[in-house]
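Supplied in structure tokens, the structure appears directly below.
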């Protein structure tokens, strides 16, 4: 009996870890214009496309004149002490909406991935319904 209970708990744990947390209901489309000084901007966008659905959002990249919800500005730096990334989200009128800073990562890509995850959480709360 104990073995089957242990097995059931292990299976439950694996299922919870393997399946990303999806929000119930339809995905809200978030139109984003993304810019930055990092050569890893494309990596950041890909991580956002992966992470946003976990928070009920569908990321749509649009041109500057494409009627965006958020203008996302990305900066990333690496040094001997580690990598850091800063992301700022502005509304269409250029007003501050949210920011994320992640540092102490082993790589620039790692810092941007961590920033994308946190940005998805913040925009999920702020995104238009």
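Laboratory data are not the source of any read-out in this text; all were calculated from the coordinates shown. What you see is a predicted model, and the numbers here were worked out from it, not measured in a lab. Ideal geometry is used to build each Cβ from the backbone, glycine not excepted, and the neighbour counts take in all protein chains shown.
Filter the stretch 41-87 for residues that are touching a helix residue (DSSP H, G or I) at 6+ places or on another chain (Cβ under 8 Å), assigned to a loop (DSSP other than H, G, I, E, B) and within 23 Å of residue 104 (Cβ to Cβ) and give the result.
Answer for the stretch 41-87, where residues must be touching a helix residue (DSSP H, G or I) at 6+ places or on another chain (Cβ under 8 Å), assigned to a loop (DSSP other than H, G, I, E, B) and within 23 Å of residue 104 (Cβ to Cβ): there is none.
Given (1) part of a strand (DSSP E or B); (2) within 16 Å of residue 41 (Cβ to Cβ), identify the lone condition not met by residue 104.
The failed condition is (2).
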